[in-house]
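Everything on this sheet refers to the single structure shown next.
Values in this text are rule-based calculations from the coordinates and carry no lab data. Note that the structure is a prediction, hence the values are computed from the model and not measured. Cβ atoms come from the backbone with ideal geometry, glycine included; neighbour counts cover every protein chain shown.
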Amino acid sequence: MTLLFAASNSSSLNDVEPGLLGFLVVAALGVALVFLLRSMNKQFRKIGPPPEETDADEASETPGQRPLRGLAAHRAAMRAAAEADDQSAEPTDASRN
């Protein structure tokens, strides 16, 4: 009988529950996360959007200039393709008249 009581008593000693300390740690992490996210959003608002490129800036390219990358390269390629389409379309329109 004593052995049965000792076995049931030891299993309750091995059961671990988070309790108040665990709740406070998780709550503190949640509050810290909220403040960090608010600060991050504030910093992102300070950055602002990139300035728009103008045609004058793109037309003044020099041979020593670095090649275009990203959105500027895409815009230049689309503009060149549109100009090529316009040039190829002009002779066919003139031959019909």
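Between ASN14 and ARG69, how many nm apart are label points set 7 Å from Cα along the C-beta direction?
The two pseudo-label positions are separated by 5.9 nm.
What is the spin-label model distance, in nm, from SER88 to ILE47 if the labels are put 7 Å beyond Cα along the C-beta direction?
Once both label points are built, they end up 3.9 nm from each other.
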